[in-house]
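J.: Handing you this structure, nothing more for now.
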Amino acid sequence: MRVRACPDPSRKGIRITVNNPPQGFASSAAILVITVIFVVWWLTLIVWCSVRARRRGKLRHAIVVVLLVTLAAAAETPYDALINWQWFNSREGPVLYTAFQRGMPLWGALTYGAWIGTMAVIGLWAKENGWSKRALWKVFAALVVFDFAGESLMMHFGVAVYYGHQSPRLLEVPVVWPFVFTGSFLLIGMVFHHLIPKLSGARSVAVIPMGIGVVFAAGCFLGWPSMVALGMNLASPWTDVMAAITVATVLYWFGVVANTPSAAPARPVPDSE
């Protein structure tokens, strides 16, 4: 949907065009089912990370990552505005807050928290266990397909939609965003693998605001060409060109990070004689 402002008579030929998110309500049954699914998913992820951390010492920071991702998910509305994505809620469904002409429903935050948290933990786990570059690329490809399928189902059931001049679509999903989401979410875990062990004591508190910023910035860092195209309201073929640049950026940087050696485990400093 677009709202066209009347041009200023003194500046003939100038027209301001603004993309507004579509409004409406989704099925109460669909929202209830999705909410239950992602609550169970998120809790299962927390329990699994806790058990793994206790048994093997692996993923000792995974719970921190998941909680940070969940907090960031509740503040993702600005990002949704950048990619022209709109959540739909039921008439009775709780909305956390409204910003940028759209509400962040509870189920949307739960979806982000579980979905992004899982991918971030996979990235963290992969680095902590020294997965090969080939294995990381296989996981990346599988998660891109998973993202396509999940977003397509959301739009099929009328709970979310992309709008505006998007890149080429597959199953109603703009091709570019599953690459951006998968790449940025995996990179979050890889970055935290190197970062969190370097912070201890009171300095660990710094992870909270920084971590939320990392979650938000990762998508912007990888997806900025397509975001610029949407912000400028560019149409095809320019959106296609910017989408190609975006996907190339994602693949390049994922390859760089995937090829980065895992952080060596910290060794105790021997007592001085």
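The values are calculated or read from the model by the stated rules, or taken from the named source; none is laboratory data. Values in this document were obtained by computation on a predicted structure and should not be read as measured data. Positions of Cβ are generated from backbone atoms using ideal geometry, with glycine treated the same way; all protein chains shown enter the neighbour counts.
J.: For residue 86, only one of the following conditions fails: (1) buried (at least 17 other Cβ atoms within 10 Å of the Cβ); (2) modelled with pLDDT under 85. What is its number?
T.: Here residue 86 meets the rest and fails (2).
J.: Oh, and also: Identify, please: which residue in region 157-202 is crowded, with 22+ Cβ neighbours inside 10 Å and among the aromatic types (Phe, Trp, Tyr) and is, among those, nearest to residue 127 (Cα to Cα)?
T.: Top of the filtered list is 192.
J.: Shifting gears a bit: Hey, any hits in region 180-197 for a residue that's hydroxyl-bearing (Ser, Thr, Tyr), assigned to a helix (DSSP H, G or I) and within 27 Å of residue 248 (Cα to Cα)?
T.: yes
J.: Within the set of pairs 6+ apart or on separate chains, which have a first residue in region 84-102 that is among the charged types (D, E, K, R), a second that is assigned to a loop (DSSP other than H, G, I, E, B) and modelled with pLDDT under 85, and C-beta atoms under 8 Å apart?
T.: So the pair list comes out as 102/21.
J.: From the list 114, 74, 120, exactly one residue is under 19 Å from residue 211 (Cβ atoms), crowded, with 16+ Cβ neighbours inside 10 Å and modelled with pLDDT under 85. Which is it?
T.: 74
J.: Restricting the search to region 211-243, which residues are within 13 Å of residue 79 (Cα to Cα), surrounded by 14 or more Cβ atoms within 10 Å (Cβ to Cβ) and either touching a Pro at 6+ places or on another chain (Cβ under 8 Å) or not aliphatic (A, V, I, L, M) (or both)?
T.: 216, 219, 220, 221, 223, 224, 226, 231
J.: For region 80-133, which positions are in contact with an Asp or Glu (Cβ under 7 Å, 6 or more places away or on another chain) and among the charged types (D, E, K, R)?
T.: Matches in region 80-133: 102 only.
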